[in-house]
Amino acid sequence: MELIPTTLAGCYQVSPFFAQDERGTFVKTFHAERFSALGLPTEWREEYYSSSRKGVIRGMHFQTPPHDHEKLVYCIQGRVLDVVVDLRRGSPTHGQHIAVELDASQGRGLMIPKGMAHGFLALTENVLMTYKVTSVYVPENDSGIRWDSFGFEWDVDQPIVSGRDRAHPTFADFVTPF
């Protein structure tokens, strides 16, 4: 397992053990000892998945303190453009964002630290995304910023976005607790 730094402080692409043969693929997405040796979380509190069709944008989501969490995401079917924005006030990369294509056929994931907003655009039909998080979901701490408010060009003509995601405050109007 290899961590590949991104331009956002503390956010890494995860290149796990990946094997492919005539049967298909095998991907080891988590290994406690290796994560611990790399200084990453090893105790996950929840794990879930989402399914999306092509053109869906989900995001930009996070939980606020004291229930903020680190997040490990993988695309296990299809391809997504995964996007992260740094919301941490004192961070050298505050306000900056990255976009990383996650493709199930390659097995790579993204390790997202506390204080960052996360979202993605489904690039193919029948996308499945998995998430591991270090805190339990608390509705009162569930938050987000508008998907189209931080200077990223999603390059999709008519995105499918939930009413909830359209109602989030803009990045400029968001007062960060991080």
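The values are calculated or read from the model by the stated rules, or taken from the named source; none is laboratory data. In this text, all values refer to a predicted model and were calculated from it rather than measured experimentally. Because the Cβ atoms are built from the backbone with ideal geometry, glycine has one as well, and the counts that use them run over all protein chains shown.
Does segment 23-45 hold any residues that are of a type in the set (S, T, Y) and closer than 16 Å to H69 by Cβ, and which are they?
Matches in segment 23-45: T42 only.
Is it true that some residue in segment 84-107 is more than 26 Å from F178 (Cα to Cα), of a type in the set (K, R) and touching a residue at least 40 places away in the same chain (Cβ under 8 Å)?
Looking for residues that are more than 26 Å from F178 (Cα to Cα), of a type in the set (K, R) and touching a residue at least 40 places away in the same chain (Cβ under 8 Å), one finds none in segment 84-107, hence no.
What pairs can you find where one residue is in segment 37-61 and part of a loop (DSSP other than H, G, I, E, B), the other is at pLDDT below 95, and their Cβ atoms are less than 6 Å apart, with a gap of 6+ or different chains?
Sorted first by the residue in segment 37-61, then by its partner, the pairs are L38/L3; T42/A32; T42/F35; T42/S36.
Please work out if G151 is of a type outside the set (S, T, N, Q) and either closer than 30 Å to M1 by Cα or without any contact (Cβ under 8 Å) to a residue 24 or more places away in the chain (or both). Even if it seems obvious, please write down each step before you answer.
Values: of a type outside the set (S, T, N, Q): yes; either closer than 30 Å to M1 by Cα or without any contact (Cβ under 8 Å) to a residue 24 or more places away in the chain (or both): no.
Criteria not met by G151.
Return the only residue of V14, V27 being buried (at least 18 other Cβ atoms within 10 Å of the Cβ), in contact with a Gly (Cβ under 6 Å, 6 or more places away or on another chain), over 22 Å from G151 (Cα atoms) and in contact (Cβ under 8 Å) with a residue 12 or more places away in the chain.
Testing whether each residue is buried (at least 18 other Cβ atoms within 10 Å of the Cβ), in contact with a Gly (Cβ under 6 Å, 6 or more places away or on another chain), over 22 Å from G151 (Cα atoms) and in contact (Cβ under 8 Å) with a residue 12 or more places away in the chain leaves just V14.
What number of residues within segment 116-128 are surrounded by fewer than 23 Cβ atoms within 10 Å (Cβ to Cβ) and either under 17 Å from E70 (Cα atoms) or of a type in the set (S, T, N, Q) (or both)?
Adding up the residues that qualify gives 3.
Do you know which residues across segment 78-110 are surrounded by fewer than 17 Cβ atoms within 10 Å (Cβ to Cβ), over 13 Å from the mean Cα position of the chain (by Cα), at pLDDT 95 or above and closer than 15 Å to T130 by Cα?
The one that is surrounded by fewer than 17 Cβ atoms within 10 Å (Cβ to Cβ), over 13 Å from the mean Cα position of the chain (by Cα), at pLDDT 95 or above and closer than 15 Å to T130 by Cα: D103.
Within segment 40-53, can one find any residue that is of a type outside the set (S, T, N, Q), crowded, with 17+ Cβ neighbours inside 10 Å and modelled with pLDDT under 95?
Yes; the residues of segment 40-53 include at least one that is of a type outside the set (S, T, N, Q), crowded, with 17+ Cβ neighbours inside 10 Å and modelled with pLDDT under 95.
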